[in-house]
1. Rank by packing, highest mean first: peptides 21-30, 165-174, with packing defined as the count of other Cβ atoms within 10 Å averaged across residues.
2. Over the chain, average the accessible area per residue using a 1.4 Å probe and give it in Å², no decimals.
3. Quantify, in whole percent, the carbon and sulfur part of the accessible surface of the chain (1.4 Å probe; protein heavy atoms only).
4. Translational D (Stokes-Einstein, µm²/s) of the stretch 128-185 at 4 °C and 1.567 mPa s when Rh comes from the Kirkwood sum over C-alpha pairs?
5. I'd like the distance between the alpha-carbon centres of the stretch 228-257 and the stretch 45-68, rounded to an integer number of Å.
6. With log10 I(q)/I(0) by the Debye sum over Cα atoms at q = 0.09, 0.10, 0.14 Å⁻¹ defined as stated, name the option among (i) -0.69, -0.78, -0.96; (ii) -0.45, -0.55, -1.03; (iii) -0.36, -0.45, -0.92 computed from the structure displayed.
7. Are there any GluC sites (Glu not before Pro) in the stretch 177-257 that are in a DSSP loop and have at most 16 other Cβ atoms within 10 Å? List them by number.
8. What is the set of long-range amide H partners of Glu232 at a cut-off below 5 Å, with H atoms built 1.01 Å from backbone N?
Amino acid sequence: MGTEFIHILDSYRCSSALRLRGNQFYELYNDMICVLQELTSDYMEGKNYIGDQLSNFFERCHMELPSERKLPEALEELFGQLEFKLKIDLTEILDRCVLCTNEAYAHMQKAQQQEEQRILLIKSLMEENKLNENNNEKLENQIRNLLLLQQAKLKSDQYKMDKNETNITRVWCDLLVSSVFSEEISYGLMLRLVENEILTESEITTLLEDKYNIEKDYEWYSEDFIGCGLDEPADIRIEDVLDICTGRIEKIIGTKI
């Protein structure tokens with residue numbers, strides 16, 4: 001809802017009803033909605049209180065601190081304040097927000113149900129293929145279980161394996177196999193980790209700077225491998241990649257391997 005609310009407030013700038021009121025009115029609306037948009041973003045980021053330190057920001061935007069400081073309740077009071085000061089009726093905006101929220105909630109519910117069904121199916125496939133019987137953390141067992149689960153998913157008529165999951169499973173398996181022979185990832189594996197969004201460029205930059213004292217960002221570091229083969233070792237340790245990515249990979253695969 002928060003994102004839709006911000007978008008709808010912003011899109012109202014283009015309405016003829018607003019522009020016909022003149023530039024001064026238009027600029028006042030722009031200033032005032034900055035408060036609502038900023039606080040909505042704060043709430044979406046986990047903040048739930050409006051402190052006195054925002055008083056100057058409110059004043060610059062021609063708004064007053066609400067009597068209710070708790071978010072999201074304060075947004076309703078501030079929305080009413082905006083309507084009162086501008087003498088406009090924004091019921092249509094609220095109606096659109098409610099509609100968008102209901103649609104988004106229905107979509108989230110459907111996605112959640114589909115994910116729950118997927119997890120149950122994966123659990124069933126693991127039981128059918130007895131992948132839980134040798135459930136220890138030895139590397140060879142992790143690789144074996146990952147390959148067998150992938151095979152079971154592909155053979156299943158019920159499980160729908162998309163290209164993204166296939167690619168990520170392949171990269172993850174290659175990473176585990178690489179750890180048998182090397183402590184560092186190769187240049188090619190680094191590229192594949194980024195291409196498949198297992199690691200981000202910024203995460204690699206942070207690893208280079210914080211772990212290995214290499215003051216280069218991802219793109220600059222990649223230039224070091226121009227003319228090298230994909231098997232060229234990089235400085236990034238496999239154990240550091242595992243620390244960052246294991247949880248997110250298990251979520252995509254649908255189980256702990």
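The values are calculated or read from the model by the stated rules, or taken from the named source; none is laboratory data. On a predicted model such as this, the values are computed, not experimentally measured, just so you know. Because the Cβ atoms are built from the backbone with ideal geometry, glycine has one as well, and the counts that use them run over all protein chains shown. Remember, those area values only see protein heavy atoms, side chains included, never the ligands or the DNA or RNA. Shrake-Rupley method; radii C 1.70, N 1.55, O 1.52, S 1.80 Å.
1. So the order, starting with the most tightly packed, is 165-174, 21-30.
2. For the chain, the solvent-accessible area averages 62 Å² per residue.
3. Ligands and nucleic acids excluded, carbon and sulfur give 49 percent.
4. The Stokes-Einstein estimate is 104 µm²/s.
5. Centre-to-centre (Cα) distance: 43 Å.
6. Checking each listed value against the structure points to (i).
7. Listed in order of number, the matching sites are Glu183, Glu197, Glu215.
8. Amide H to amide H, under 5 Å and 5 or more residues apart or across chains, Glu232 pairs with Tyr187, Gly188.
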